[in-house]
Amino acid sequence: MTIFKMEWQTSRKGLILWSCIIVLVLVLFMSVFPTMQTSAMKDMLDTKLGGLPENMLKIFHLNDGPSLLEPVGYFGYVFQYIFIAASIYAAMLGSKALVKEESNGTIEFLYAQPVSRVRIVLEKFLAGTSMIIVFWLITFSASFSTIAFFNNTDTTVKSILNDLAKIAIPEFFVLLFFLAVGFFISSILRSVNQSTSVSLGLVFGFYLLGILGDLQEKLSFFKDISPMSQGGPANLLAKGLDVTLIVWLVVISILSLVGTLFVYKRKDLQI
């Protein structure tokens, strides 16, 4: 497991940094929730949201899911933006995994080890998956803690945990999807400098597809192919756990990994 350990050593700083940023943003946003319980804020939400155009409500996912006056409803609204950042992290982790060895000149060291290209890909993917698991555990431990701490309503801890599970489980597989697709992209790229822009384009591309599907009825099928839309907190809280979504995400992730192995085994590496 030499490559697995190397991957952790080179990527752990990024994991710590992203985790700290996510936790900090969660604390900052959730600390605002108690102010939502004032009568003035309740009146404003009732009057202002009711006066907004339907399309604008759809863009910001305010037309479905629990109320912003409920702790998990408010969290779901906030977390949709944090989830975009988490998806970018997963895509970047995958898209840099293979190509960075060529860009940094460390591919020669790997080739000096008794390992095959298949083993390089599998150990790196295992390391990336384990980092996503740790990242997601930290994120949702912080999510539960902040919701419970700032909750000034009658919502029970059990109810909060159940609602968080509806979000956490499917969204983990969305992150796994972006990690796997990122790996496939990494097997094609020639420079690590391209990975950031490609990762941003991948995540925001799917995000925009979901928005287009919400705004245009004739383009509603875009929502079905957008993991950002299907795995959004508001959608998950409104519809519950979607097993079909998870199955499709796993299937596509496996196909992406198989495609990565196929391309990387035949790639002319820059040594």
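Taken together, the values in this text are just the output of simple stated rules run on the coordinates, not laboratory data. Everything quoted here is computed from the prediction, not taken from an experiment. For neighbour counting, all protein chains shown are included, and Cβ atoms are generated from backbone atoms with ideal geometry for every residue, glycine included.
Evaluated with a Cβ-only charge set (Lys, Arg +1; Asp, Glu -1), the chain carries a dipole of roughly 880 debye about its Cα centre, given to the nearest 20.
What's the angle, to the nearest 10 degrees (0 to 90), between helix 2-30's Cα axis and the longest principal axis of the chain? Approximately 10 degrees, to the nearest 10.
Residues in the range 92-102 carry Karplus couplings, in order, of 5, 4, x, 6, 9, 4, 9, 5, 5, 5, 6 Hz; the curve used is 6.51 cos²θ - 1.76 cosθ + 1.60 with θ = phi - 60°, and Gly or Pro positions show x. Which entry in [x] 19.9; [y] 18.8; [z] 20.9 is this structure's computed Kirkwood radius over Cα pairs in Å? Structure-derived value, by its label: [x].
Principal-axis analysis of the Cα atoms of the chain puts helix 39-51 at an angle of about 70° to the longest axis. The phi torsions of the range 156-171, fed into the Karplus equation with coefficients 6.51, -1.76 and 1.60 and a -60° offset, translate into couplings of 7, 4, 4, 5, 4, 4, 4, 5, 5, 5, 4, 8, 5, 5, x, 5 Hz, rounded to whole numbers, with Gly and Pro shown as x.
Computed 3J(HN,Hα) for the range 114-120, one whole-Hz value per residue from the Karplus formula 6.51 cos²θ - 1.76 cosθ + 1.60 where θ = phi - 60°, is x, 10, 9, 5, 4, 5, 4, glycine and proline marked x.
In degrees from 0 to 90, rounded to the nearest 10, what is the angle of the helix 243-266 Cα long axis to the longest principal axis of the chain? The answer is roughly 20 degrees. Each peptide in 185-193, 168-176 gets a packing score, the mean of other Cβ atoms within 10 Å over its residues, and the list from highest to lowest is 168-176, 185-193. Under the criterion of Cα pairs below 8 Å and six or more residues apart, the relative contact order for the range 2-266 equals 29 percent. In the chain, a dipole from Cβ-located charges (positive for Lys and Arg, negative for Asp and Glu) runs towards its positive end, and of 131, 20, 71 it is 131 whose Cα lies farthest in that direction. As a rough guide to protection, the peptides 221-229, 21-29, 68-76 ranked by mean Cβ packing within 10 Å, highest first, stand as 68-76, 221-229, 21-29.
Return the FRET efficiency for the residue pair residue 84, residue 21: r is the Cβ-Cβ distance, R0 is 22 Å, and the value is rounded to the nearest 0.05. Please list the in-between numbers first.
Numbers: r = 13 Å, r/R0 = 0.59.
Computed FRET efficiency for residue 84 and residue 21 comes out at 0.95.
Each part reduced to its alpha carbon centroid, the range 131-156 and the range 230-263 end up 23 Å apart. Label-to-label distance for residue 159 and residue 208 is 4.0 nm, based on points extended 7 Å past Cα in the beta-carbon direction.
Report the net charge of residues surrounding residue 19, where surrounding means a beta-carbon distance below 14 angstrom and charges are Lys +1, Arg +1, Asp -1, Glu -1. Numbers along the way, then the final one.
Numbers: positive: 12, 13; negative: none.
Residues close to residue 19 contribute a combined charge of +2.
Per-residue ellipticity at 222 nm from helix content only, as computed over the chain with -39500 (n - 2.57) for each DSSP H run of at least four residues, stands at -26000 deg cm²/dmol.
For residue 239 and residue 108 in one chain, what is 0.36 nm times their gap in residues minus the Cα-Cα distance, to one decimal in nm?
Contour length minus Cα-Cα distance gives 42.2 nm.
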